[in-house]
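Take a look at the structure set out below.
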Amino acid sequence: MWTFSCPIIAYGDYALEYIAQIQGKKAFIVTDKNIVSLGLLKLVTDQLDAVNIKWQVFDEIEPEPSLATIKKGGVAVGLYQPDWVIGLGGGSCMDAAKAIIILLVQPDLDPDAIIASDTYNFREKAKLMAIPTTSGTGSEATWAIVLTDADNQRKIGLGTTECTPDVAILDPVMVEGMPPQITADTGMDAVCQAIEGYVSTWGTSITEGPGLVAAKQAFQYLPKAYKDGKDLEARKEMQNAAILAGLSFGNSMAGLGHSMGHALGAMYHIPHGRTVGLFLPYTMEYLINGSEETTAKYAEIACFCGVASGSNLECAKALVAKVRSLLKEINQPLSVEDCGIDKTQYEASIPDLIDRALNEVMTMTVSRVPGVEDLGKIFRYAYEGKHINF
Ligand SMILES: [Fe+2]
């Protein structure tokens with residue numbers, strides 16, 4: 001049996017007004033201090049005030065939320081006993097909310113012990129809402145939780161299907177002020193998730209549809225949103241692309257770009273979307289070189305997005321070129337060297353990077369699973385910006 005998890009999605013102009021329709025008495029809002037200072041928290045609390053829902057804010061989420069921060073949030077949510085938990089912010093805040101709502105029912109649980117096979121039944125106490133202020137992670141539509149084990153500089157992928165939010169609210173007012181750099185970083189996460197979700201060996205026709213449309217919308221609208229943040233059509237279409245990509249990979253699996261990106265990002269503290277976008281074209285080339293099945297699927301994306309026509313191989317290669325031209329257009333790094341990482345330090349860290357990538361399930365859900373040797377080569381080629389020829 002397969003299942004497809006999806007929240008109720010309120011989207012478009014004035015989507016925040018959906019809050020007036022929820023039933024509840026107390027909301028616990030998980031966010032960060034930046035969201036508060038930007039005035040975005042107030043847009044949400046105004047809606048809660050209008051329908052007499054009390055609220056409390058936990059605004060201590062850091063960019064790579066640590067287990068210690070989640071535990072602190074767990075104590076606060078236990079004291080407040082809300083009937084809604086709202087993740088407000090980027091992927092970090094939404095992921096943190098998913099972990100914190102589990103601690104509401106299991107206060108003694110270590111957050112890194114949240115596993116897919118367990119049942120927490122947190123909805124007996126509270127429902128979960130996600131309000132993204134970036135467009136890319138798709139966390140508003142997925143059950144995945146990425147936390148950071150600060151002691152070991154390691155990202156930990158957690159979660160259970162219960163953690164798919166009940167409601168996701170996509171209001172363009174929440175993203176129109178997003179700076180270009182964050183627009184680019186998070187937007188590339190959406191591109192990577194759309195493509196990887198579409199070609200995942202765990203995918204089905206149910207997950208392919210949203211991945212395909214997400215890729216098309218992101219290719220068209222990410223450069224526009226990057227160049228002119230006030231272009232509300234572009235902002236709305238990127239919100240849609242992000243959640244569609246989330247629905248695709250969240251119900252199948254992301255791929256090799258994500259496992260290699262996670263490894264680099266955790267070790268060198270580079271934003272998630274930037275690292276996964278960086279590795280996407282290299283890992284696509286690797287799959288094209290060894291998998292006719294994935295080459296054909298890349299070709300389908302290329303044709304649907306109007307990137308190319310011709311043989312599967314020609315179309316798949318054109319899609320890789322399209323990803324690289326998009327990266328250039330939005331000033332994202334095309335190589336690890338572009339990230340400013342010292343070559344000697346990088347070379348010394350490659351065994352650790354390989355080990356981290358091999359520990360990711362996403363390395364195993366692609367059609368050509370690399371071993372230690374190939375992973376090392378891809379990491380090295382990506383430093384130089386060399387196309388993958390093996
Ligand atoms: Fe991602």
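When the alpha carbon coordinates of the stretch 62-172 are projected onto the principal axes, the ranges are 37, 33, 26 Å, largest first. Under the simplified labelling scheme, the Leu38-Asp83 pair shows an inter-label distance of 3.1 nm, with each label point 7 Å from Cα along Cα→Cβ.
Our analysis of the stretch 180-384 gives Rg over Rh at 0.95, with the two radii drawn from alpha carbon positions and Rh computed by the Kirkwood formula. Straight-line reach from Lys322: taking Cα to Cα under 16 Å and skipping same-chain neighbours fewer than 8 places apart, the aspartates and glutamates in range are Asp189, Glu196, Glu285, Glu300, Glu314. Each of Lys25 and Thr119 was given a label point 7 Å from its Cα along the Cα-to-Cβ line. The distance between the two points is 2.7 nm. Database remark: amide H of Ile86 closer than 5 angstrom to the amide H of Phe28, Ile29, Val30, Met129 (H placed geometrically; neighbours at sequence offset of 5 or more, or on other chains; Pro and chain starts carry no H).
Using the per-residue mean of other Cβ atoms lying within 10 Å as a proxy for protection, in what order, highest first, do the peptides 62-74, 265-277 fall? Before the final figure, lay out each step's value.
Details: 62-74: 19.5, 265-277: 22.8.
Ranking the peptides 62-74, 265-277 by packing returns 265-277, 62-74.
Given the rule -39500 (n - 2.57) for each run of at least 4 DSSP H residues, summed and divided by the residues of the chain, what is its mean residue ellipticity at 222 nm, to the nearest 500 deg cm²/dmol? Intermediate values should be presented prior to the final figure.
Details: 13 runs with 199 residues, N = 390.
Taking each H run of at least 4 residues, the total per residue is -17000 deg cm²/dmol.
Structure remark: mean-square fluctuation, Gaussian network model of the chain, C-alpha springs under 10 Å; the largest value among Leu280, Leu327, Leu40 belongs to Leu40. The slack in the chain from Glu17 to Ala321, taken as 0.36 nm per residue of separation less the alpha-carbon distance, amounts to 105.3 nm.
Would any residue of the stretch 234-256 have its amide N under 13 Å from a label point 7 Å out along Cα→Cβ of Ser5? List them or say none. Once the point is set 7 Å along Cα→Cβ of Ser5, 247-253 turn out to lie under 13 Å by backbone N, inside the stretch 234-256. Mean silhouette area of the stretch 1-69, derived from the convex hull of its C-alpha atoms and averaged over all directions, reads 7.2 nm². Relative to the 2.2 N^0.38 Å rule of thumb, the stretch 56-121 has a C-alpha radius of gyration ratio of 1.01. Taken per residue, the accessible surface of the stretch 180-384 reaches 35 Å², heavy atoms only and a 1.4 Å probe.
Rolling a 1.4 Å probe over the protein heavy atoms leaves Met178 with an accessible area of roughly 20 Å². Below 19 Å, Cα to Cα, which lysines can Lys377 reach? Residues fewer than 8 away in the same chain don't count. Output for Lys377: Lys343, Lys386. Ligands, DNA and RNA are left out, and with a 1.4 angstrom probe the accessible area of the stretch 8-174 is 41 Å² per residue. Computed extension length for Gln56-Ala348: 100.5 nm, one decimal, from 0.36 nm per residue of separation with the Cα-Cα distance subtracted. Quick one: pull the percent of accessible area on the stretch 180-384 belonging to carbon and sulfur, 1.4 Å probe, ligands and nucleic acids left out. Roughly 51 percent, rounded to a whole number. Taken over the chain, the convex hull of the Cα atoms encloses 123 Å³ per residue.
The values are calculated or read from the model by the stated rules, or taken from the named source; none is laboratory data. All values reported here derive from a predicted model rather than from experimental measurement. As a convention, Cβ positions derive from the backbone with ideal geometry for all residues, glycine included, and neighbour counts pool all protein chains shown. The protein model used for the area step is the full one, side chains on, heavy atoms only, and it has no ligands, DNA or RNA in it. Shrake-Rupley method; radii C 1.70, N 1.55, O 1.52, S 1.80 Å.
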